[in-house]
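Remarks on the structure that follows.
The values are calculated or read from the model by the stated rules, or taken from the named source; none is laboratory data. Please read these numbers as outputs of a predicted model, since none were measured by experiment. Please note: Cβ atoms are built from the backbone with ideal geometry, for glycine as well, and neighbour counts cover all protein chains shown. Just so you know, the surface numbers come from the protein's heavy atoms only, side chains and all, with ligands and any DNA or RNA stripped out. Shrake-Rupley method; radii C 1.70, N 1.55, O 1.52, S 1.80 Å.
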Amino acid sequence: MRQSKLFTKTRREAPADEVSKNAELLIRGGFIHKEMAGVYSYLPLGFRVLQKIENIIREEMNKVGGQEVLLSSFQPKENWEKTGRWDSMDDLYKVSDASGREVALGPTHEEIIVPILKNYISSYKDFLLDSLDSPLAIYQIQNKFRMELRAKSGMLRGREFMMKDMYSFHTSEEDFEKFYDKMKNVYKTIFARVGIGHLTYLTFASGGTFSKYSHEFQTLSGTGEDTIYVDEASSVAVNKEVFNDAVLKSLELEKEKLVERKSIEVGNIFDLKTKYSKPFDLSFTDEKEQKHNVLMGCYGIGLGRLLGTVVEVLSDDKGIIWPESVAPFSVHLLALGEDETVKAEAEKIYARLQKNNIEVLFDDRLGMSAGEKFADADLLGMPYRVVVSERSIKEGGVEIKKRNEKKGKILSLEELLNLLKS
Ligand code: ATP
Ligand code: MG
């Protein structure tokens, strides 16, 4: 894409009302636009990152047999009354229409998915899918609405935000446990692919009323709202909220070896048992015609929060440093100066990169100094910066530099293509 055609522009100044680093950098780079506290629109560059994160998550959900759906955001009040959450959930948006009818604006989707499944499940036979390794698991990637009180962390805590939520359904504890364990690894894979695996810990958190633990995936960051105790040796952590001697003992962790850190919860997985199947009477009859409530698990990841976390933990004082897997473009091609030979050479390289399916943002803008173009490249944070200038041509080609490296090197066009394709 040509930067001269991109309708967004970078900004030097941080927005006055934004205190979080992630939103500041994303707004200055033109990735997102702030509508109000906790509500952001995605602009072309930000949307490209979001779609890449989305595709990674979708691929991993499909691999474990997840079936993708898109559930409604308007949710019947009756469903929420059935689970008791119409009154108990503080952050629920309640919307009413002209006739006075009230609906909930979906903060999560147990109240929708469980009644849907009631139409399709009544016997253990309904769970015998193709392979026993992929039980019934349904997911979506969609906007959620929550009346968050503190929406000061940019993309980390939205009032409208994108979430992947998966719900799994089981006839036995063993079946549930097997899938739940598998999901722990799936989540590790997702965070590694997004580029923050080295900073993200499987974290034991309190399980609420029904189970002993839930598991969170916490990414180390000084700006995180959570406090966790990390055991480096086993790569697990415990959330401060559940931290006590009995918990440590049951997890076989030694207090002296744990390090206290601030972190961001990028995802979590829960054992729901029959919490939602009971109120809706989602049940099945077994081989002996005995009726049981279906067992459930749920698995969430906030996509906007994940995007914001990548920015928080992978940036420097000049801007963002995108991992290749989620960068809007892998290459930022800069044409420096107005020299005709430079322009022609840059056009040629742009065409060759595109022909080789390398995603490239081409800074073909006229009337900009080299300093301005470099500053934009650092702010926008593509993994590779490729510069075409009179000097680079004289030295035999282009200058390539990784965003996280200080010094670049000169390569011929063929060498450049080989490097980027490998
Ligand atoms: P938190 O404790 O941070 O409020 P939560 O326990 O309410 O999170 P869940 O309801 O389990 O979170 O949602 C699943 C995932 O959705 C979270 O792990 C997080 O990644 C994301 N998420 C939750 N709330 C928000 C929000 N307000 N903005 C962006 N992402 C969110
Ligand atoms: Mg919450």
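Give the stretch 135-152 a look and list any residue that's assigned to a loop (DSSP other than H, G, I, E, B) and in contact with a Lys or Arg (Cβ under 9 Å, 6 or more places away or on another chain), or say none.
Hits for the stretch 135-152 are Pro135, Arg146, Met147, Glu148, Arg150, Ala151.
Looking at this structure, is Ala246 assigned to a loop (DSSP other than H, G, I, E, B) and not basic (Lys, Arg)?
No, not satisfied.
Any idea which of Lys5, Lys77 is surrounded by fewer than 18 Cβ atoms within 10 Å (Cβ to Cβ), touching a strand residue (DSSP E or B) at 6+ places or on another chain (Cβ under 6 Å) and not acidic (Asp, Glu)?
Lys77
Considering only the stretch 12-34, state which residues are more than 20 Å from the chain's Cα centre (by Cα) and at pLDDT 95 or above.
Passing the criteria: only Arg28.
From the residues in the stretch 232-245 that are in contact (Cβ under 8 Å) with a residue 24 or more places away in the chain and among the hydrophobic types (A, V, I, L, M, F, W, C), which one is farthest from ligand 1 (Cβ to nearest atom)?
In this case the residue turns out to be Ala233.
Take Glu148 and decide whether it is within 16 Å of ligand 2 (Cβ to nearest atom) and more than 20 Å from Leu272 (Cα to Cα).
So Glu148 fits the description; yes.
Looking at the structure I just gave you, is Ile190 assigned to a loop (DSSP other than H, G, I, E, B) and more than 16 Å from ligand 2 (Cβ to nearest atom)?
no
Which one of these is open to solvent by 40 Å² or more (accessible area, probe 1.4 Å), touching a Pro at 6+ places or on another chain (Cβ under 9 Å) and outside the structural domain of Lys9 (by TED's automatic domain parsing): Glu347, Glu372, Glu338, Glu324?
Only one candidate qualifies: Glu324.
Restricting attention to the stretch 45-75, which residues are within 21 Å of Gly195 (Cα to Cα) and free of Cβ contacts under 8 Å to residues at least 40 places away in the same chain?
Correct list: Phe47, Gln51, Asn55, Glu59, Asn62.
Could you look through the stretch 205-246, keep only residues that are farther than 28 Å from Ala151 by Cβ and touching a Ser or Thr at 6+ places or on another chain (Cβ under 9 Å), and pick out the one that is most open to solvent (accessible area, probe 1.4 Å)?
Lys212
Got a number for residues in the stretch 202-225 being part of a strand (DSSP E or B) and under 23 Å from Ile320 (Cβ atoms)?
So the count comes out to 4.
Checking the condition surrounded by 16 or more Cβ atoms within 10 Å (Cβ to Cβ) and either within 16 Å of ligand 2 (Cβ to nearest atom) or at pLDDT 95 or above (or both), which residue from Leu70, Leu105 passes?
Leu105
For the stretch 142-160, indicate whether the set of residues that are modelled with pLDDT of 95 or more, away from ligand 1 (no atom under 12 Å from the Cβ) and assigned by TED's automatic domain parsing to the domain that holds Leu251 is non-empty.
no
If you check Leu248, Leu282, Leu307, which single one turns out to be among the aliphatic types (A, V, I, L, M), without any contact (Cβ under 8 Å) to a residue 40 or more places away in the chain and touching a helix residue (DSSP H, G or I) at 6+ places or on another chain (Cβ under 8 Å)?
Going through Leu248, Leu282, Leu307 in turn, the sole match is Leu248.
With the checklist (1) closer than 27 Å to Ser283 by Cα; (2) exposed (fewer than 15 other Cβ atoms within 10 Å of the Cβ); (3) in contact (Cβ under 8 Å) with a residue 24 or more places away in the chain in hand, flag the one item Lys125 doesn't pass.
(3)
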